[in-house]
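Engineer: First the structure, which I've put down as structure tokens, then a few questions once you've had a look.
The values are calculated or read from the model by the stated rules, or taken from the named source; none is laboratory data. These figures come from a predicted structure and were not determined experimentally. Note that we place each Cβ from the backbone using ideal geometry, even for glycine, and neighbour counts take in every protein chain shown.
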Amino acid sequence: MTKVKVAGGLQEGGVEVGNAFDKYGSRNPIVRLMMRGFHDALSAFVARAKPTSIHEVGCGEGFWVLTWHKEGIAARGSDFSTQVIAIAQENAREQGVEPGLFRAQSIYDLTVERDRADLLVCCEVLEHVEKPHEALKALQRVASDYVVLSVPREPVWRALNLVRGSYVRDLGNTPGHIQHWSRRAFIALVSQYFEVVDVRTPLPWTMLLCRVRR
């Protein structure tokens with residue numbers, strides 16, 4: 001398992017960035033079960049896409065980019081937060097990886113010249129953006145083949161938060177989540193921009209494997 005330092009509640013521009021805790025290294029059995037489901041779904045999609053290069057949009061502290069790098073894939077990442085990118089670069093240095101693989105950049109500013117890859121991965125990002133259609137258009141603009149997208153599956157996400165007594169005043173909504181989709185609604189949204197090839201629902205997410213329409 002790739003070990004990384006996490007943001008731990010850092011905020012930038014009033015938005016919490018990165019991960020509040022090390023969910024990848026958690027010993028909590030419920031968290032471990034959930035993350036295993038996410039890991040298995042994402043890994044299956046990556047294996048199916050067979051990329052030689054990956055660009056993770058919204059890479060946070062770099063966990064997945066560094067994991068793929070260990071697997072021999074030319075992976076890199078970007079994130080809007082300069083603070084979380086600094087942490088990703090620190091994690092890269094500690095693992096003997098080139099920190100230049102990580103760059104601070106908004107999803108809206110993706111360009112073909114800098115950001116095209118065999119596979120684009122954008123997980124747990126779209127629920128945070130103010131303009132999801134513009135974000136999807138940006139991904140569509142630079143995608144060359146496959147795209148993996150994931151978001152929290154509503155209302156399951158909120159319900160699970162309420163069960164554990166979190167964010168009760170906000171009816172279970174995680175701070176920073178300003179977009180909310182059911183499985184069906186997310187598929188309908190993404191289908192406007194990509195061909196949805198496969199759907200997985202590791203609790204409590206919706207994850208899609210998509211392809212550029214030819």
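Engineer: Residues in segment 34-64 that are among the charged types (D, E, K, R) and under 14 Å from residue 24 (Cα atoms): how many?
Structural biologist: Quick first cut of segment 34-64, residues among the charged types (D, E, K, R) only: 36, 40, 48, 50, 56, 61.
So of that shortlist, the ones also under 14 Å from residue 24 (Cα atoms) come out as 36, 40, 61.
So the answer is 3.
Engineer: Taking interchain pairs and intrachain pairs at least six residues apart, which have beta carbon atoms under 6 angstrom, with the first residue in segment 36-51 and within 14 Å of residue 198 (Cβ to Cβ) and the second modelled with pLDDT of 95 or more and among the aromatic types (Phe, Trp, Tyr)?
Structural biologist: So the pair list comes out as 49/146.
Engineer: Kindly establish whether residue 64 is free of Cβ contacts under 8 Å to residues at least 24 places away in the same chain and touching a strand residue (DSSP E or B) at 6+ places or on another chain (Cβ under 6 Å). Explain how you work it out, then say what you get.
Structural biologist: Details: free of Cβ contacts under 8 Å to residues at least 24 places away in the same chain: no; touching a strand residue (DSSP E or B) at 6+ places or on another chain (Cβ under 6 Å): yes.
It is false that residue 64 is free of Cβ contacts under 8 Å to residues at least 24 places away in the same chain and touching a strand residue (DSSP E or B) at 6+ places or on another chain (Cβ under 6 Å).
Here is a yes/no grid of residues against (1) of a type in the set (Phe, Trp, Tyr); (2) surrounded by fewer than 14 Cβ atoms within 10 Å (Cβ to Cβ); (3) outside any helix (DSSP H, G or I):
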position: 135; (1), (2), (3): no, no, no
position: 150; (1), (2), (3): no, no, yes
position: 158; (1), (2), (3): no, no, no
position: 173; (1), (2), (3): no, no, yes
position: 186; (1), (2), (3): yes, no, no
position: 202; (1), (2), (3): no, no, yes
position: 208; (1), (2), (3): no, no, yes
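Engineer: Here are the criteria: (1) surrounded by 15 or more Cβ atoms within 10 Å (Cβ to Cβ); (2) of a type outside the set (A, V, I, L, M, F, W, C); (3) at pLDDT below 80. Tell me which single one residue 12 does not satisfy.
Structural biologist: Single failed check for residue 12: (3).
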